Amino acid sequence: MGKRIMIDPITRIEGHLRIEVEIENNRVKDAWCSGQMFRGIEMMLKGRDPRDAHHFVQRSCGVCTYVHALSSVRAVEDACKITIPDNARIIRNLIHGAQFQHDHIVHFYHLHALDWVDIVDALRADPVKTAKLSENVSGRPASAEYFKTTRERLKTFVESGQLGPFNNGYWGHSAYVLPPEANLMAAAHYIEALKLQAKAARMHAVFGGKNPHPQFLVVGGVTSIKDLNSDRITEFEEIWKETKAFVDEVYIPDLMAIASFYKDWGGIGGNNQAFLAYGDYAENSSETRLVMPSGFIRKGLKVEDLNVDLITEDVTRAWYEKSRPSHPYAGKTEPIKGAVRYNTDDKYSWVKAPRYDGLAAEVGPLARILVAYGKGDSTAMRLVNKTLKKLGLGTDALFSTLGRTAARGLETIVIGDAMEGWLDELRVNISRGDKKTYQSWTMPDKAKGCGLNDVPRGALGHWIEIEHGKIKNYQYVVPSTWNFGPADAHGKKGPVERSLIGTPIADPKMPLEILRTIHSYDPCLACAVHVIDPHTNETYKVRVV
Amino acid sequence: MQKTEEKEFYDRLEKKGVTRRDFLKYCTGLAASMGISATGVVQVANAIERAASGPRPPVVWLHFGECTGCSEAFLRTPNVGAIILETISVEYHETIMAAAGHQAEKSLHEAVEAHKGKFICIVEGSIATSYNGAYGKVGGRTFLEIARAVIPKAAATIALGTCAAYGGIPAAAPNPGGYKGVTDAIGVSTINLPGCPPNPLNLLSTIVKYLNKEAIELDEYGRPLFAFAETVHDRCPRLKHFENDEFVEEFGSKEAELGYCLYNLGCKGPETYNNCPTAKFNEGTSFPIQAGHPCIGCSEPGFWDTMTPFYEEI
């Protein structure tokens, strides 16, 4: 048996996550993911007004804010057979698009970059060479003064002895291979992105009142009719332009520059064959044409049509009462009664194991890009082929940690570009005098509905059952449940667990390489975990064992 | 400030990547949150400048039963980079810190011991208390154990957001985990900055006042009076429509477009104490009522149960 390492807490994520791996011959031989918190929002929803559900579920996560609220109103609209007006669809698309722009920038710089960028090593960089490197990788003019100021700022920070969020990082680890100038360039953009993201989030506030947790959705449409005017559209457009310029001139060039030093990661952190995308961004009100297409990949790049009836959740290796794998409409959340044990040979997580036609499927940016590519979507094909060519890699390299991180960048471009068209559509509509933002409706006595969307972290589905105008049952299957779920009855592991197998580990006391693959999935555990057992209070060791 | 002093001050700010325009905008926002006039801006500027000149005050930020929305709100503060790098020292914050696993635990332990009695503790999320706190753990310790070990050692504790202040959504009926706000869970008094999410300007104003050693007057729910003395209704830009009996009866209607009062659609502004209409969110861009949505009362204790159904009058 190999050496076991446990990392808890996993930081730079949303939520409370524990990862355990077994290492043999400096490689990960086996891996287990475990969620550590429960709040029980589905249980709170029973008996409440279906119109209120979106406010509750939005609090599943403040990082992937808005997306649960959107799924929720879609589920109720599906149940009550409501078709929302064109303007409501476009405004929802714009807010959803803004969420992707914001979330992916923050993920790259503030949650993922420090896995690749040695911030302390940046102090050794030459600002003149850094400016040259920056101009080389991006069309944006760069000055040595800018990088010198950043370096001095970091130097003052480090010399103060108060390293704050950078304290106890794995600085100097042998797996960091960027030259000092690339480290300084990324560090400068880390700080720049902090400022940019605050601005980008204003897109939500323009039509949504605030961010995080925008408050403008209602079952039947959106409430911000008063903001549907050319001043507000222009205000949104200006922020969109500035964000898009940052994506095109900073985020994507940095991604490509950093990737070019870590090409070996195009062969690490893959191992998954099945991929699932619900797709999103309806281009018309009947929701038939999607900017991000839907589909399921069993193997390779062959895409099958999506069939949500094939979704089940397995609880064999999670702390729930034994039950047959079931579809979310029939889904139950029954924690086992009595003491539970964290046992990697038996049950070890509160995350359920969702399966599509019995298979563990990866969801998220990589799944969406692969589905679009496999379907021959021209934009996806152009972007993917250009990226692979630039890095000198083949399509095999897509199925990896590098591929996952690159896919996130590529879809940021696709969605950002689509947003321009929606702004134009809004302008055309109001110039024609169409300001309809809400469809009247009545609550049925009994109904069932499902709300699907594809959100920054992957395929998200909410299922609601209404009886006597109240919520009878509410279940959601979220991206991090798909990705971070445990093994199932057949012993088949979840996507993240599989991805970790084979990862090289230079130093088991500083498992930087594990963080790279974990973060490439952008985990959100507050969303993923549904129920934890009340009858245990075990404590576990957190050190390297 | 004298002209030369002022120039030097802005030069120093420029070096930190903050332009004069950014800074003035930022201070005006803070002034709006603190309910002071624009002349108070100098006072704010001095406090930040003073804070930036010596060792930065250490902050330990704990995440319990939460959604990270309060951290995200904090990250929406303009010039948040300058706050993190030059104003305060964020010793522990799971969402942004580089360290993970036992290196992260080490950072927490070191910060609490080295700055015992001196650090500001900011808490996000509520604390599971049923079954010895089994519903939530970090590094193998329950939220309850961590709270008891860390919070009593802080100089002051800010309960940021409705969850940390009063329990929030994890405490909504049937509250399966027995979640409670910090004071209820461990009996330590806190400065409460509720809201779902809280307004980051209210957090900054509290920190500035604390650094200025100003007394912070609190209401009966532990909320600073500078932000929570009046209701949303009192400060609402739609108040005149309420007084004129001009109400929106349906979303998307002509009355909605005219910006009439949302009371009949369930607005909880009259029962909710907060400064949303004046401080606004995201650099003054908007707030829910401006976006045509009724207030849901998110800064009041127990609002998930006492203010629902949200779209009905209570």
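Tabulated data for the structure shown
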item: The one condition in (1) more than 10 Å from every other protein chain (Cβ to nearest Cβ); (2) modelled with pLDDT of 95 or more that B:His63 fails to fulfil; result: (1)
item: Residues (at the interface with another protein chain (Cβ under 7 Å from one of its Cβ atoms), over 18 Å from A:His107 (Cβ atoms), in contact with a Lys or Arg (Cβ under 7 Å, 6 or more places away or on another chain) and crowded, with 24+ Cβ neighbours inside 10 Å) located in the range A:168-206; result: A:Val206
item: Neighbours by Cβ (under 6 Å, 6+ apart or cross-chain): first from the range A:51-72, at the interface with chain B (Cβ under 7 Å from one of its Cβ atoms); second hydroxyl-bearing (Ser, Thr, Tyr); result: A:Arg51/B:Tyr311; A:Asp52/B:Thr308; A:Gly62/B:Thr68; A:Val63/B:Thr68
item: Residue in the range A:158-180 that is farther than 26 Å from A:Glu135 by Cβ and among the acidic types (Asp, Glu) present; result: yes
item: Subset tally (residues that are hydrophobic (A, V, I, L, M, F, W, C) and in a helix (DSSP H, G or I)) for the range B:172-189; result: 3
item: Selection status of A:Lys541, among the charged types (D, E, K, R), at pLDDT below 90 and closer than 27 Å to B:Pro176 by Cα; result: yes
item: The range B:255-267, residues that are more than 8 Å from every other protein chain (Cβ to nearest Cβ), in a helix (DSSP H, G or I) and of a type in the set (A, V, I, L, M, F, W, C); result: B:Leu265
item: Considering residues of the range B:268-313 that are in contact (Cβ under 8 Å) with a residue 60 or more places away in the chain and not in a loop (DSSP other than H, G, I, E, B) only, the residue farthest from the other protein chains (Cβ to nearest Cβ); result: B:Thr278
item: Single residue of B:Ala155, B:Ala164 found to be in contact with a His (Cβ under 9 Å, 6 or more places away or on another chain) and either away from chain A (no Cβ under 11 Å) or among the polar types (S, T, N, Q) (or both); result: B:Ala155
item: Among the candidates B:Asp219, B:Asp305, residue that is within 21 Å of B:Gly181 (Cβ to Cβ) and over 21 Å from the mean Cα position of the chain (by Cα); result: B:Asp305
item: Odd one out for A:Ser72, checked against (1) over 14 Å from A:His189 (Cβ atoms); (2) of a type in the set (S, T, N, Q); (3) in contact with an Asp or Glu (Cβ under 9 Å, 6 or more places away or on another chain); result: (3)
item: Test: residue in the range A:33-40 that is buried (at least 23 other Cβ atoms within 10 Å of the Cβ), of a type in the set (A, V, I, L, M, F, W, C) and part of a helix (DSSP H, G or I); result: no
item: Of residues in the range B:56-77 being among the β-branched types (Val, Ile, Thr) and out of contact with any helix residue (DSSP H, G or I) (no Cβ under 6 Å at 6 or more places or on another chain), the one nearest to A:Ile13 (Cα to Cα); result: B:Thr68
item: Members of the range B:143-175 that are buried (at least 24 other Cβ atoms within 10 Å of the Cβ) and without any contact (Cβ under 8 Å) to a residue 40 or more places away in the chain; result: B:Thr157
item: The range B:112-133, subset among the aliphatic types (A, V, I, L, M) and buried (at least 24 other Cβ atoms within 10 Å of the Cβ), residue farthest from B:Val90 (Cα to Cα); result: B:Ala128
item: Flag for A:Pro486 being at pLDDT below 95, more than 14 Å from chain B (Cβ to nearest Cβ) and buried (at least 19 other Cβ atoms within 10 Å of the Cβ); result: yes
item: B:Leu144 more than 7 Å from chain A (Cβ to nearest Cβ), of a type in the set (A, V, I, L, M) and either more than 23 Å from A:Thr156 (Cα to Cα) or in contact with a Gly (Cβ under 7 Å, 6 or more places away or on another chain) (or both); result: yes
item: Pair list, Cβ < 7 Å and 6+ apart or interchain, from the range A:478-494 residues that are in contact (Cβ under 8 Å) with a residue 60 or more places away in the chain and outside any helix (DSSP H, G or I) to residues that are buried (at least 24 other Cβ atoms within 10 Å of the Cβ) and among the hydroxyl-bearing types (Ser, Thr, Tyr); result: A:Pro486/A:Ser349
item: In the range A:143-167, residue farthest from B:Ile96 (Cα to Cα) [restricted to those that are more than 8 Å from chain B (Cβ to nearest Cβ) and not in a helix (DSSP H, G or I)]; result: A:Ser143
item: Qualifying positions in the range A:207-219 - of a type outside the set (A, V, I, L, M) and either more than 7 Å from chain B (Cβ to nearest Cβ) or in a helix (DSSP H, G or I) (or both); result: A:Phe207, A:Gly208, A:Pro214
item: Candidate set: the range B:88-127, residues that are touching a residue at least 60 places away in the same chain (Cβ under 8 Å) and more than 15 Å from A:Gly15 (Cα to Cα); chosen: the one farthest from the other protein chains (Cβ to nearest Cβ); result: B:Cys121
item: Residue count for the range B:239-254, restricted to those that are in contact with a strand residue (DSSP E or B) (Cβ under 9 Å, 6 or more places away or on another chain) and either of a type in the set (Phe, Trp, Tyr) or more than 10 Å from every other protein chain (Cβ to nearest Cβ) (or both); result: 10
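The values are calculated or read from the model by the stated rules, or taken from the named source; none is laboratory data. Everything quoted here is computed from the prediction, not taken from an experiment. FYI the Cβ positions are ideal-geometry reconstructions off the backbone, even for glycines, and counts take in every protein chain you see.
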